[in-house]
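A.B. asks: Below is one structure. I have some questions about it.
The values are calculated or read from the model by the stated rules, or taken from the named source; none is laboratory data. Just so you know, these numbers come straight off a predicted model, no measurement behind them. Note that each Cβ is placed from the backbone with ideal geometry, even for glycine, and that neighbours are counted across all protein chains shown. Please note that ligands, DNA and RNA were not included when accessible areas were found on the heavy atoms of the full protein model with its side chains. Shrake-Rupley method; radii C 1.70, N 1.55, O 1.52, S 1.80 Å.
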Amino acid sequence: MENKLGWEVFIDHQACQGYACCVMAVPSVFDLDDDSGKAVVIESHPDDSLRVAVEGAVRGCPVHAITIRRRSP
Amino acid sequence: MNGVVIVGASVAGVHAAEALRDAGFDRPVTLLSAETDLPYDRPPLSKSALRGEASKSQLLLRPEGWYQQHGIDLVLGRRARQLDPQRKSVLLDSGAELGYDGLILATGAAARSFEPVHGESADVYRLRTADDCARLRDRLVPGARVLVIGAGFLGLEVAATAHEIGGEVSIVELGPAPLAMALGVDVGQWFKRLHESHGVAVHCDNSVTAIDVRRDRSRAYLRDGGVIDADVVVAALGAVPMVQWLAGSGLELAGGGVRCDAYLRTSAADVVAAGDIAYWDNELYGSYMRVEHWTNAVEQGAFAARSLLGANERPYVGPPYFWTDQFAAKTRTVGYLDGVDAISIQRQDDHSLVALYGRGDVLRAAVCVNAPRSLLSCRRAITERAPWRAAIESLY
């Protein structure tokens, strides 16, 4: 697991409607919470090799609930 | 160099433009839209935007400045009229001709219009564009009597939203239950009960044969002799792919759209298609299909762009996926429902439902209402082409 790019994945739980597109796109980073039905990040510092896939999930989120940020030091 | 022309600033078209730039394509990109608004997103039009909770700027697919920043020439209010794949040019309604090295067809679909057996269809609202949404929203006021024609996904969403606004809502549906064509009668009955439990009147096995419009009020005559008085009538009768302009171009049309191979390439050189109009060879199912859903448009837009650049190593596969939110029911449908020969409702109560769909002893699709865990396991099983017997014994 290498996260040299220093990036973090966040979900805005207010915005998330549980459409699950992110979970289907990158199941190693996102999952669905059984109770709320909303998406959760299960790997907030993913391997750099997943960067393109997670960017795809950001664009593929119907409610723009996912953001990638620089990791705080 | 003419670069790439994208016809249709739909969700597929915008994602295609973005994928071209992401891939390092540095020649001109022209994105053509028949509409005059900046490219926007459609799913909220029947939900938050119709409730008045999302402004026009919140619906934009990309901020206004994004197109210029990415060197994308966005041309609004211009319709493509004709394609000449030999000369590699698109004729516009302005009379101008656009040459291309690569062409991405992403024209989407238009709302099917309501045509009553008798009389005119004047004053019947529809919902496809942001303008349609704004017009309808103005009429959806508390206490308004709203008649929705068609209990498909869009009709049901409009009915739920109209009810939430405080409307008094009726739905008239030709089939034996809402969504019966798509999901089967038994699952359709679940949606009928959902709407009835909120006080929506659902008239199935029926149709509107005529509408009498008198001063802002309409009287709809039903086939069974019934009469419904309404302040607002909305037709939600499905969509028609926008491919008429391609007739006579020599491009092969099929399945209501444009025939594409597994890489979304059409029968013409350097022309690809994406979204609602792409009738493509989905190798997961071993058959051609056309899918009118958001996720499909997002993925195919980007994929088709990369196909044009020769950058895809594998074909576009995957189970179609879509969602619909009505009242508190979050419905998630994964897989391909056309042509299924077996349906099994795995569980249902007032709040949730899981139904599986099979064909030829293989699991093809699943409908999950308020069942997030089931959705994920069903999708996995569909992707793995799980045997039907094993699926109905293990997926709940």
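A.B. asks: If I filter the range B:302-318 down to residues being touching a Phe, Trp or Tyr at 6+ places or on another chain (Cβ under 7 Å) and surrounded by fewer than 23 Cβ atoms within 10 Å (Cβ to Cβ), which single residue comes out as farthest from the other protein chains (Cβ to nearest Cβ)?
C.D. replies: Within the range B:302-318, the match that is farthest from the other protein chains (Cβ to nearest Cβ) is B:Pro315.
A.B. asks: Within the range B:21-35, track down each residue that is under 18 Å from B:Ala311 (Cβ atoms) and more than 14 Å from chain A (Cβ to nearest Cβ).
C.D. replies: B:Phe25, B:Asp26, B:Arg27, B:Val29
A.B. asks: Any idea which residue in the range A:39-61 is surrounded by the fewest Cβ atoms within 10 Å (Cβ to Cβ), counting only those that are part of a helix (DSSP H, G or I), more than 9 Å from every other protein chain (Cβ to nearest Cβ) and not aliphatic (A, V, I, L, M)?
C.D. replies: By that ranking, first place goes to A:Ser49.
A.B. asks: Going through the range B:164-187 one residue at a time, which ones are surrounded by fewer than 22 Cβ atoms within 10 Å (Cβ to Cβ), free of Cβ contacts under 8 Å to residues at least 40 places away in the same chain and in a helix (DSSP H, G or I)?
C.D. replies: B:Met181, B:Val185
A.B. asks: Under 7 Å by Cβ, and 6 or more places apart or on different chains, what pairs join a residue from the range B:375-396 that is closer than 10 Å to B:Asp361 by Cα and of a type in the set (Phe, Trp, Tyr) with one that is at pLDDT 95 or above and open to solvent by less than 20 Å² (accessible area, probe 1.4 Å)?
C.D. replies: B:Trp388/B:Gly358; B:Trp388/B:Leu363
A.B. asks: Restricted to the range A:20-38, and to residues that are aliphatic (A, V, I, L, M), within 9 Å of chain B (Cβ to nearest Cβ) and open to solvent by less than 20 Å² (accessible area, probe 1.4 Å), which residue is nearest to A:Val54 (Cα to Cα)?
C.D. replies: A:Val23
A.B. asks: Does B:Asn282 fit the bill of being open to solvent by less than 60 Å² (accessible area, probe 1.4 Å), of a type outside the set (A, V, I, L, M, F, W, C) and more than 14 Å from chain A (Cβ to nearest Cβ)?
C.D. replies: Taking the combined requirement at face value, the residue satisfies it.
A.B. asks: If I ask for residues that are within 14 Å of chain B (Cβ to nearest Cβ) and over 15 Å from A:Val63 (Cα atoms), which ones from the range A:4-19 would you list?
C.D. replies: Scanning the range A:4-19 gives no hits.
A.B. asks: Give me the residue from the range B:351-366 that is out of contact with any helix residue (DSSP H, G or I) (no Cβ under 6 Å at 6 or more places or on another chain) and among the small types (Gly, Ala, Ser) and, out of that set, surrounded by the fewest Cβ atoms within 10 Å (Cβ to Cβ).
C.D. replies: Per the stated criteria, the residue is B:Gly360.
A quick yes/no check of all residues on (1) of a type in the set (Gly, Ala, Ser); (2) over 21 Å from B:Phe303 (Cβ atoms):
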| position | (1), (2) |
| --- | --- |
| B:Gly3 | yes, no |
| B:Ser10 | yes, no |
| B:Thr30 | no, no |
| B:Glu53 | no, yes |
| B:Asp73 | no, yes |
| B:Leu91 | no, yes |
| B:Gly95 | yes, yes |
| B:Leu98 | no, yes |
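A.B. asks: Is it true that B:Ala342 is open to solvent by less than 40 Å² (accessible area, probe 1.4 Å), more than 11 Å from chain A (Cβ to nearest Cβ) and free of Cβ contacts under 8 Å to residues at least 24 places away in the same chain?
C.D. replies: So B:Ala342 fails the test.
A.B. asks: Name the single residue that is nearest to B:Leu246 (Cα to Cα) among those in the range B:52-74 being in contact (Cβ under 8 Å) with a residue 24 or more places away in the chain and surrounded by 17 or more Cβ atoms within 10 Å (Cβ to Cβ).
C.D. replies: Among them, the one singled out is B:Leu74.
A.B. asks: Could we say that A:Ser36 is part of a loop (DSSP other than H, G, I, E, B) and touching a helix residue (DSSP H, G or I) at 6+ places or on another chain (Cβ under 9 Å) here?
C.D. replies: Criteria met by A:Ser36.
A.B. asks: In addition: Under 6 Å between Cβ atoms, which residue pairs at least 6 apart in sequence (or on different chains) link something in the range B:23-39 that is open to solvent by 30 Å² or more (accessible area, probe 1.4 Å) with a partner that is among the aliphatic types (A, V, I, L, M)?
C.D. replies: That search, which allows pairs on different chains as well, returns B:Ala23/B:Leu309; B:Ala23/B:Ala311; B:Arg27/B:Met1; B:Thr36/B:Leu76; B:Asp37/B:Ala130; B:Leu38/B:Leu60.
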